[in-house]
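Step one of this worksheet: look at the structure below.
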Amino acid sequence: MMDFLTTLFDMLGSASFWVATLRVATPLILGTLGVLICERAGVLNLGIEGIMVAGAFTGWLAVFNGADLWTGVLVAGLVGGAFGLLHAVLTVWLTVSQHVAGLGVTLLATSLSAFAYRVSFPQVSTPPTIEAFAPLESLADLPLIGPVLAGQTSLTLLAIALVPAIAYLLYRTPMGLALRMVGENPAAAEGQGVDVIAVRTGAVIAGSMLMGLAGAFLTLSAFNAFFFNMINGRGWICVALVVFASWRPGKALLGAVLFAAFDAAQLRLQQAGGVLPYQIYLMLPYLLSILALIVMARRAAYPQALMKPYRKGER
Amino acid sequence: MRLESRTEYSRRAMLFAPIVAILVTLAVCALLVAWAGAPVGQTYALLFDGAFGSRFAFAETLTRATPLILTGLAAAVAFRARLFNIGAEGQLYLGALAAVAVGGMHGGSTFDLPLPLLSALMIAAGAAAGALWLLGPAWMKLKLGVDEVVTTLLLNFVALLLVSMMLDGPMKDPLAMGWPQSVALDPELEFSRLIERSRVHSGLLMAVGLAILMWLIERFTTFGFALRAVGANNRAAAFAGLPVGRTVLLCALLSGALAGLAGVGEVAGRASYVTTDMSPGYGYAGIVIAMLAGLHPLGVLLAALFVAAVQVGADSMSRVVGVPNFIADVIVATALLTMLVATLLTRYRIRWGRA
Amino acid sequence: MTESLPALRLANITKRFGKLVANDGISLELGTGEVLALLGENGAGKSTLVSILFGHYVADEGHIEVFGQPLPPGNPKAALAAGVGMVHQHFALADNLSVLDNVLLGSEPLWQPFSRRRAARARLIDTANRFGLGVNPDARVATLSVGERQRVEILKALYRGARILILDEPTAVLTPQESESLFTTLATLVTEGLSVIFISHKLDEVLRVSARVAVLRGGRLVSVRNTEHTTKTELAELMVGRSVTLPTREPRPHGDLVLSLSGVHAAHAGKTLLDDVGLMVRAGEIVGIAGVSGNGQHALADLLCGTLAADRGEVSVSGQTMRANPRDWIARRVARIPEDRHAVGVVGDLPVWENAVSERLHLPAFSRAGIVRGRTARDFTRRLVTQFDVRLSGIDVPARVLSGGNMQKLILGRALSVAGEGVTPTLIVANQPTWGLDIGAVAYVHRCLLDAAAAGAAVLVISEDLDELFAIADRIAVMFKGRLGPALPTEGCSRAAIGLAMAGSTASNTEGAPLHAA
């Protein structure tokens, strides 16, 4: 027992553990914020898994073709936004089932990425690589958090900075109020002159852009190449994290970091040569997500109009 | 733009919806084919030829359709009760695993039983494994209000890891030279061939039979009525005294079992052992098939044939012209989206301009 | 009424939905500082007209002027900017947001990068004080009472600078006392120079608040009367256009005790829904439950439909203790009519015939060994739609295409046949049975309930419409905060006393007996 505690404290005290944690957390933060914006406006976006794939692929492809890294990020965001527009047209304009449309967007974005990858690189057997974002070593001298931040790239800082920015947007601006209102009572918003369809469409596009960025982090920062299975359920985990976060940006950050810390810890346990098959460790993130859903299920205060299509003039 | 509810309702429109959806899909995907630098007409012709052009091609399509019918039925019956089971992929793998566990371990002699009984036990075990895997999410949906889409999706990853763990451990094939595959099924338990010199197996008969059975259940039984009522309006169903919880759980068992049977069919009819890549997304394709079929069990037969044809045809086509076979996945995904829109348009009419 | 420019002018407004003409060439003026009542039955075209005015719909013909300026059609934003404010019958509020959030929405440019919340808060409090509409700006709407929510709705419009206020059936959910307070507010608004359109189908309150009354019938404006020169009878005739005499109750013998509740307590998520409820209903008797929405009537109805379990207490029908299972109630021949036809009454996507037998499908009459007896069920449905005069194009159409009245007749027919065709149910539980129906359908439903009582059924009617209860109930009890007062004979009840009890006051009725539970 003492041994275990010592190991645990050693781990929690080590900078490398927190470096790994933030790195795992970054795509989850971006993705969770993306889902959060969509759901606050009343739209479930299960397209996230595929949009992350598309963001990872297109961001990487742009850089591979000579664009600089930030252009790659922009491309990933725009591609994410384009799939968001598709999801919005289906669910907000045409009001089809948000569940099924989201799955459709995921299947489409995933298969299109794979198709485009094969068209672009018909012959390669090992994935081509790029020069990815470098860690911000200049931050190493900051007190306390310096060593942790020095192991991160600009995209991680961007993800963290987006949390207060989105919180401000949601709670302190007219746009944020309109966004929350269309997710709670769209008819009321319409009655006060807010164009529900436009706000929801904008929210889904904006949220999907963040999902695109979440994917791009993996190819432009965490790794330097694109693999078919690289998202591997991260998108679904973000959907669970939003419930865990009660649709609040601050709690979304907390949830993503907490989750990533668990993931980083299980990775260490696995590397330390645990007695259990490695698959058990790999299952943990998924089981943990389900657990988070169960824990929060009773007290979850869903946006009232989540998954409820709004058709003008229908009561 | 606004949507206006159609007051009349037309059976014909509902029959035309999938046809229009598929035509639109093929038109959209033609752009991708052109982008890949291949002649569109020839590519589609090759695709059709690869699926139906020869006895061998058609047999391959039927073989491919077998698991797709079952995962399509699994999704259709679940969606009918508005239980969004997206976990057919995981349920399929567990069904396959359970089949091998019964019929493959120790050379199939785990249970000292006569062959027909052992065969029945193998099928039942596969169905049960799939059913139980869905029971958890269904229960959580009913009792805790946890969205079943996310839980079933996440459990797909868990299921695959579980399979991988078993293939590394107790069910590892000692003769596979390090390949991650399970022990093989006792050859006597394998499904018989339906067509000489092809891979079409009697699992196809089972799938078609189950489709007809599902149709009879939905159409003519009180359970079928409860299923439809719960899916369309569960509050009204509860008010009328229908057992909502029991119906959803039964539906989950049925749906999971159908997906599990898809796994049994793949093991007993085709591969004879389990690998972690035995399904190229049959579970997810099942959702598309169910939607294309308008959730109608008999429609699933046609929709599964369409998806199977696209997949088999694309494989064959991509060997001739330089269009990656991923075009099949794109076609299937696009068909899902166009079908969603087509179905909506059978109920609503789009009015441009303001109300 | 003033001689100057009218606040609002509707010219020749026509709106069609397919074959239905919802508004047919309506021309109307609203004077500044005037309260104009818009009177009409359900389906007369009132809602359509105000929806056009507020920009939810675009008229096919005609145009609108506000203070002499043409109002661009189909744009709620333009209506707001022109000074038209709307108070919806079903409040357009977000429960999870604060009062301030609800009011502030849409009042600032959407792309403004900040929100002046402090200034807005001060202005909201200021507006509230000026019109005597006190409410806490930081309260979550979910925590407010119905009356307070209505004040927020009015404040929303006033905050946006509304000069013309449209109130859609504003008293439908209020107690008589709350309604009085609303009328006082309206008087204040008019003094401040606002113009008001007051939509209602209740004659008494129309006469009480308005200067003029515009009567709509079948989409046409049939008459505009000065309130002082008209009478209730005249308005009723104009509104209905034909002589519909609502059935009234006659003395009936009361039989054995059928429904008995004692000490019933129910709670959900830590909130008490029913608190020590006791009630007795005898065969041949109609008991009415009055109360403002949200005081436990839902829970009482659910309890008596078998969809809610009591934590404590005894619920019995004809001496048999009942379980919380609809099938138990169906088996005991309880006819159940739910409040929400669309959400609870029928499964809209399923055909009419399946809905007609849905309650009894599991019984041998309609199925054997789990197999549905389709022909028997269809034959039964055909007889049912004939007997209950359900107008439809066929029993295979989805139930959702039925009109409100026809849907209610289908539900009524299904409920009244719970004991089999031609057999009177033991007990009828009807929750808001005539909500949203036109007067012909109301008369039909009342007739059915009265006939059933005459044939020996015990009847319980839960209604927010006091007129309805006074018309058909033999005894009336008031529900307040989950407690049920004693059911007193209708003859001995005064409207004022019932109103006070609905508001939870402890005042007594004329005979000195308290109207709600101590």
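Each value in this text was obtained by applying a stated rule to the coordinates, not by laboratory testing. Remember, it's a predicted structure, so these values are computed and weren't measured experimentally. Glycine gets a Cβ as well: all are built from the backbone with ideal geometry, and neighbour counts include every protein chain shown.
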Using θ = phi - 60° and Karplus 6.51 cos²θ - 1.76 cosθ + 1.60, couplings along region B:193-204 (whole Hz; Gly, Pro as x): 7, 8, 10, 4, 6, 8, 9, 5, 10, 5, x, 5
Taking θ as phi - 60°, what are the ³J(HN,Hα) couplings along region B:111-125 by the Karplus curve (6.51, -1.76, 1.60), each to the nearest whole Hz, with x for Gly and Pro? 10, 7, 10, x, 3, x, 5, 5, 5, 4, 5, 4, 5, 5, 5
Please compute the length gained on full extension between residue C:12 and residue C:312, using 0.36 nm multiplied by the number of residues separating them and subtracting their Cα-Cα distance. 102.0 nm
Approximate spin-label separation residue B:117-residue B:48, in nm, with each point projected 7 Å along Cα-to-Cβ: 5.3 nm
Based on the mean of other Cβ atoms within 10 Å per residue, sort peptides C:444-457, A:50-63 so the most packed one is first. A:50-63, C:444-457
Loop-resident sites, region C:1-62, for trypsin sites (Lys or Arg not before Pro), counting at most 13 other Cβ within 10 Å (DSSP): C:19
In terms of the Cα gyration tensor, with a ≥ b ≥ c the square roots of its eigenvalues, is region B:2-351 rounded because a/c is under 1.5, prolate because a/b exceeds b/c, or oblate? oblate
Packing-based exposure ordering (other Cβ within 10 Å, fewest first) of C:240, B:264, C:66: C:240, C:66, B:264
If you take the square roots of the eigenvalues of the alpha-carbon gyration tensor of region A:96-207 and sort them as a ≥ b ≥ c, do you get rounded (a/c under 1.5), prolate (a/b over b/c) or oblate? oblate
Chain B - mean residue ellipticity at 222 nm from DSSP helices (-39,500 (n - 2.57) per run, n ≥ 4, rounded to 500): -23500 deg cm²/dmol
Taking the Cα centre of each part, how many Å lie between region A:217-279 and region C:256-324? 51 Å
Rounded to two decimals, the Debye log10 I(q)/I(0) of the protein assembly as shown (Cα scatterers, no solvent) at q = 0.06 Å⁻¹ is -0.57
Using Cβ contacts closer than 10 Å as the measure, can you line up A:71, C:175, B:275 from fewest to most? A:71, B:275, C:175
Long-range amide H partners of residue C:57 with built H, under 5 Å: C:52
Mean residue ellipticity at 222 nm from the helices of chain A, using -39,500 (n - 2.57) per DSSP H segment of n ≥ 4 over the full residue count, to the nearest 500 deg cm²/dmol? -23000 deg cm²/dmol
What 222 nm value per residue comes from the helices of chain C, counting each DSSP H run with n ≥ 4 as -39,500 (n - 2.57) and dividing by all residues, nearest 500 deg cm²/dmol? -9000 deg cm²/dmol
Toy charge model, Lys and Arg Cβ at +1, Asp and Glu Cβ at -1: chain B dipole around Cα centroid in debye, rounded to 20, equals 1660 debye
Would you mind checking the pairs C:77/C:156; C:15/C:409; A:308/C:19; C:271/C:481 and listing those with alpha carbons more than 18 angstrom apart? C:15/C:409; A:308/C:19
Please report the relative contact order for region B:2-351, taking Cα pairs under 8 Å with a sequence separation of at least 6, and give it as a percent rounded to a whole number. 37 percent
Quick one: Cα centre-to-centre distance for region C:29-74 and region A:56-71, in angstrom? 56 Å
Output for region C:75-130: chymotrypsin sites (Phe, Trp or Tyr not before Pro) sitting in coil per DSSP, at most 14 other Cβ within 10 Å, listed by number, reads C:111, C:114
Residue-wise HN-Hα coupling along region C:273-287, computed from phi with Karplus coefficients 6.51, -1.76, 1.60 (Hz; x: Gly, Pro): 9, 10, 10, 6, 8, x, 6, 10, 10, 9, 4, x, 10, 10, 10
Sequence gap at least 6, Cα distance under 8 Å: using those rules, report the relative contact order of region B:43-167 to the nearest whole percent. 27 percent
Taking the beta-carbon count within 10 Å as an exposure proxy, list A:226, A:9 from fewest neighbours to most. A:9, A:226
If contacts are Cα pairs under 8 angstrom and at least 6 residues apart, what is the relative contact order of chain C in percent? 15 percent
What's the center-to-center distance, using Cα atoms, between region B:280-355 and region B:189-220 in Å? 22 Å
Of chain B, which part is the longest with no GluC sites (Glu not before Pro) in a loop (DSSP not H, G, I, E, B) and with at most 14 other C-beta atoms within 10 angstrom? B:9-195
For chain C, just say rounded, prolate or oblate: build the C-alpha gyration tensor, square-root its eigenvalues into a ≥ b ≥ c, call rounded for a/c under 1.5, and beyond that prolate if a/b exceeds b/c, oblate if not. prolate
Once amide H atoms are built 1.01 Å from N in the peptide plane, which residues 5 or more positions from residue C:165, or in another chain, come under 5 Å H to H? C:85, C:195, C:196, C:197
